[in-house]
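Input: a single structure, listed below in structure tokens.
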Amino acid sequence: MPAKTAFGLQQTRATHTPRLQTAGTRAFFNIAREWSLTDDQQCVLLGGVSRSTLRRLRERAQAGEQIDTLDRDKLDRLSYILGIYKALQILHPDSESAAAVIKRPNRLPGFNRHSMLARMLAGGMADLAFVREALDHQRGL
């Protein structure tokens, strides 16, 4: 039976293919580099993985090796992070600007003048969803 994704869409087993897990993981590490995230921040965003797990994932992604070990939580987190990145790129096409926006204090409701990154680093799936929804709202979606 298909499960629902974080966006409420029907999800089939095909979305868990190693090819998509590998591409999502590689994209995550590219985003982390662009946003200048520390290893500790990356561990939190991936749901509290250990540094050794983070290192293994990074090495496999950089080597172009297949990744097929991500659980549902990590896949949903990757989905939110990729969506946040995409929304930032649409709102702020200059990559440097988008990377700065995510770290800047935010006056939007629910951020209490903390940055989007700070909200994301609270660690919960709901925090990632909140940032994604705030950006989608800014885009008029």
Trypsin sites (Lys or Arg not before Pro) within segment 59-141, DSSP loop, no more than 12 other Cβ atoms inside 10 Å: 107, 113, 139
query: How far, in nm, would the chain grow between residue 96 and residue 59 when pulled straight, counting 0.36 nm per residue and subtracting the alpha carbon separation?
result: 10.8 nm
- request: Compare 67, 31, 90 in a GNM of the chain, Cα atoms joined below 10 Å, and give the one with the largest fluctuation.
  value: 90
field: the chain, relative contact order [Cα under 8 Å, separation at least 6], %
entry: 23
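Using only DSSP helix segments of four residues or longer, with each worth -39500 (n - 2.57), what per-residue ellipticity at 222 nm results for the chain after dividing by its residue count and rounding to 500? Show your work: numbers first, answer last.
Values: 7 runs with 82 residues, N = 141.
Roughly -18000 deg cm²/dmol at 222 nm, from the helical runs in the chain.
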statement: Mean shadow area (nm²) of the C-alpha convex hull around the chain is 8.4
- prompt: Considering the chain as a Gaussian network with a 10 Å cut-off on Cα pairs, which listed residue, 95, 79, 115, attains the greatest mean-square fluctuation?
  reply: 95
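No value in this document is a laboratory result; all are computed from the given coordinates. Small disclaimer: the values here were computed from a predicted structure and weren't measured. Virtual Cβ from ideal backbone geometry, glycine too; neighbours counted across all protein chains shown.
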